[in-house]
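Okay, so here's the structure we're looking at.
Each reported figure results from applying straightforward, stated rules to the coordinates on display, with no laboratory input. The structure displayed is predicted, hence computed values, not measured ones. We place every Cβ from the backbone using ideal geometry, glycine too, and count neighbours over all the protein chains shown.
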Amino acid sequence: MNPAAPDPPSGTALDAQHPWPGLWSYAEENEPWFRGRDRERAELLALVQREPLCVLFGVSGLGKTSLLRAGLFPELRRRDALPVPIRLDLASAVPLADQVLAAFTEATRLHAPSAPVPREGETLWEFFHRRAPDAADFVLWSPENSRLTPVLVFDQFEEIFTHATDPAARARVREFIGQFAALVQNVTPPAVRERLEADAALRGAFSFEPAPVRVLLSLREDFVAELEGLRTHLRAVATCRLRLLPLSGLQALDVVEKNGRNSSTRVSARRSSAPSPRSSAAGTSPRSLPGSRSPSWPLIPRSSASCSAS
């Protein structure tokens, strides 16, 4: 399976003297140097907290991966959520749903070592609806004994359209979308339903409430039309979105001034009298996502984000 995005090569770690990664995406540990996207970070966090499925889209090269990894992921961790970076590999023989579960296992290895282990042949719906021992639903605990909400983050999701170039690959994508839709929309897959109807004792192994999981799809803007084609199977892809726009002049100045202040390159510029975009969450204390049994983070005004009823 492909990584979520390539990491900077060894020896190019960011620091006060080298605060920009060049053509590479910012990594999660580069959060101190990730500037200029406070508003978008706050808007995306609010959408993920509120909706089971949301979409981030924008033209290529605007920094969607950087926003996810250096912007969103640290905020999620501070709010008792577990980001699970996923980039589906259409060239792999591994089923796409199994790739998702493998990414989940990797994400929990350090951050939720007591996490349930996927079973062979288990669907996404079965795994995330499987009851934990002595619990009513799927439960994920941090090493500090905080309940975590997993957030499945699919980067470069447009590759399910661009890389499924033969009938076999397209069939694998259709099978995955079926599983994916069943998880997000909380619809028991037909094959699972048949097993449950045949074995009453098996029903007690699952919760039939919505799974305590969030999903975020990130893709290029020129593939939003293809995403619309999934509405037949997945209505929610059209209801909650954030469009990433190019940095404004003030945002770009914020990037250069704040990072340049501590680097060997000094930048002197006069700011406009207009305020710099800032996250409206500044100064608020971290709170948990719904599902972790703590109040959700309060909503903030949205500009480039949109949600509508399905």
Using a Förster distance of 30 Å, the FRET efficiency for SER60-ALA200 (Cβ separation, nearest 0.05):
0.05
Taking each pair of different alpha-carbon atoms in segment 74-125 once, compute 1/r for the pair, average those values, and report the inverse of that mean as the Kirkwood hydrodynamic radius in Å to one decimal.
12.2 Å
Assuming a ≥ b ≥ c are the square roots of the Cα gyration tensor eigenvalues, decide whether segment 28-246 counts as rounded (a/c under 1.5), prolate (otherwise, with a/b larger than b/c) or oblate.
oblate
